[in-house]
Every structure is written in structure tokens, then in C-alpha cells.
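S.K.: Here it is: the structure, laid out below.
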Amino acid sequence: LASLGGISLGGGGGRKSEALATLSSAALTEAFIRERNLLPILYADDWDAEKKAWTISDPKKQPTPWKAERLFREKIRVVSEEKKTGLVTLTITWSDPELAAQWASELVARTNATLRARAIREAQRSLDYLNEQLKKTSVVELQTAIYGLIENQIKQIMVANGSEEFAFRVIDPPRVSEKRSSPKRGVIVILSTFLGGVLALGLAFALPRKR
């Protein structure tokens, strides 16, 4: 009866996988980018702030939420899970550290809100189904079983409505990094010195021959 009503009676692992998938989903990221109007920020080099228009004339080459989601997935957002403890770490890498911390906080809040709303809808749908089945049967044992399932769905709705951190409970709030992650200045200095030396040696050998 529970499976017919679309009711899950257990399985925390499935919910955890759903939460991780939602946090990294294209749908959630694109909605976040659209509602926050992040395209001009993500593609600042191609945006004219004064004219409020793209500097790229070809519409096919202009930034879109689809392209921005791919950029987010490949270069900005990293979601990692520690298997032993079950802790999930969300890392946002951006040129503005305060903005990166803000994005991380909002993405977690958006994921919690999305999954909470989904859980309430599913529980309400199950309640409607169970109430219909209750009207169709006069068997006491079956009525008792249905009442138990109804109670379970009501509890799920109460928990969802009363919990802002529905899927992810924040242990460490997003912190503004005081250390630059990139570009690595030490590596740049070493490479510049090496390339400068190679160029100097090349010129040293080339100039006498030219003379």
C-alpha cells in the first residue's frame, strides 16, 4: 500500500544522494544564476556596465544561463563528501571572496528550500491518496494500517515545515578566505624568472650571429 501511494518508509541513503544531486544540479544552479542576475558578474569582461549590454554582438556567442551553469560546474563550485563522517563540503572559488561565501550560503539555503517543498508536496499527495483508500475499505485491519501511514505522512509534513535546514545542517558557515588560492604568485615568479633567463640566453646567442 505504501509503495502504491508513492510513500517511502525508510532509506536515508536515498535522501542523502538526492540532496547531493540537488545541490549540484543544473536546474538549481541555472535558477540561482537567473534570479541573482549573475551573468554580468560571471562574464564581466564581456559586459558594458554603462550601456547595460553585452560587448559581443553575435547573440550565439553571448553568455547564457546554460553556459554559466557549465562555468559554475567546471570552475567555480566543488561539492565533496567525506565518506567516513558523511560531512559534505561546498567550495566556491571566485575573485571576490565575500561574494563567494555569500553564494555558498545561498546555494545551501536554496537546496534546503527546494527539498523541503518537494517533501511537503509528496507527503500531501500521499495523504490525499490514503484518505481516498480509507473511504473505500471497511476492513478494520486495513483501516488501522492506513491510519498509521497517514500519521507518518503528517509527521513528515510537520518536520519539513518546522525545519529550515531540511536536507543540509550547516556545521561551519561559509567563511571569507584571507588567502589567495590563485594565481599562485610563487609559481608565477619562478616561471617568469625561468622564461626570462631562457629569453636572455637566446638573445645572447642570437645577437652575435646577427652581427
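S.K.: For the structure I just gave you, tell me whether G86 is out of contact with any Pro (no Cβ under 7 Å at 6 or more places or on another chain), assigned to a helix (DSSP H, G or I) and either surrounded by fewer than 17 Cβ atoms within 10 Å (Cβ to Cβ) or charged (D, E, K, R) (or both).
M.R.: For G86, the condition - out of contact with any Pro (no Cβ under 7 Å at 6 or more places or on another chain), assigned to a helix (DSSP H, G or I) and either surrounded by fewer than 17 Cβ atoms within 10 Å (Cβ to Cβ) or charged (D, E, K, R) (or both) - is not met.
S.K.: Sticking with this one: Of the conditions (1) open to solvent by 50 Å² or more (accessible area, probe 1.4 Å); (2) at pLDDT 85 or above, I150 clears all except one; give me its number.
M.R.: I150 satisfies all of (1) open to solvent by 50 Å² or more (accessible area, probe 1.4 Å); (2) at pLDDT 85 or above except (1).
S.K.: A further question follows. Test of understanding: among V88, V79, which residue is of a type in the set (V, I, T), under 26 Å from S163 (Cβ atoms) and over 11 Å from the mean Cα position of the chain (by Cα)?
M.R.: Being of a type in the set (V, I, T), under 26 Å from S163 (Cβ atoms) and over 11 Å from the mean Cα position of the chain (by Cα) holds for just one of V88, V79, which is V88.
For every residue, the table says whether it meets (1) surrounded by 10 or more Cβ atoms within 10 Å (Cβ to Cβ); (2) under 15 Å from A109 (Cβ atoms); (3) modelled with pLDDT of 85 or more.
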{"position": "I146", "(1), (2), (3)": "yes, no, yes"}
{"position": "I154", "(1), (2), (3)": "yes, no, yes"}
{"position": "M158", "(1), (2), (3)": "yes, no, yes"}
{"position": "E178", "(1), (2), (3)": "no, no, no"}
{"position": "S181", "(1), (2), (3)": "yes, no, no"}
{"position": "V187", "(1), (2), (3)": "yes, no, no"}
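S.K.: Is it fair to say S95 is within 23 Å of Y43 (Cβ to Cβ), open to solvent by 30 Å² or more (accessible area, probe 1.4 Å) and either aliphatic (A, V, I, L, M) or not in a helix (DSSP H, G or I) (or both)?
M.R.: Considered against the rule, which asks whether it is within 23 Å of Y43 (Cβ to Cβ), open to solvent by 30 Å² or more (accessible area, probe 1.4 Å) and either aliphatic (A, V, I, L, M) or not in a helix (DSSP H, G or I) (or both), S95 comes out as yes.
S.K.: Okay, next question. Please enumerate the residues belonging to the stretch 111-136 that are open to solvent by 60 Å² or more (accessible area, probe 1.4 Å) and touching a residue at least 24 places away in the same chain (Cβ under 8 Å).
M.R.: Within the stretch 111-136, E122, Q124, R125 qualify.
S.K.: Further question: Looking at the stretch 24-79, which of its residues are open to solvent by less than 70 Å² (accessible area, probe 1.4 Å), touching a Ser or Thr at 6+ places or on another chain (Cβ under 7 Å) and aliphatic (A, V, I, L, M)?
M.R.: Scanning the stretch 24-79 gives L28, I76, V79.
The values are calculated or read from the model by the stated rules, or taken from the named source; none is laboratory data. Quick caveat: nothing in here was measured; it's all calculated off a predicted structure. Using ideal geometry, Cβ is built from the backbone for each residue, glycine included, and neighbour counts are taken over all protein chains shown. Ligands, DNA and RNA are excluded from the accessible area calculation, which covers all protein heavy atoms including side chains. Shrake-Rupley method; radii C 1.70, N 1.55, O 1.52, S 1.80 Å.
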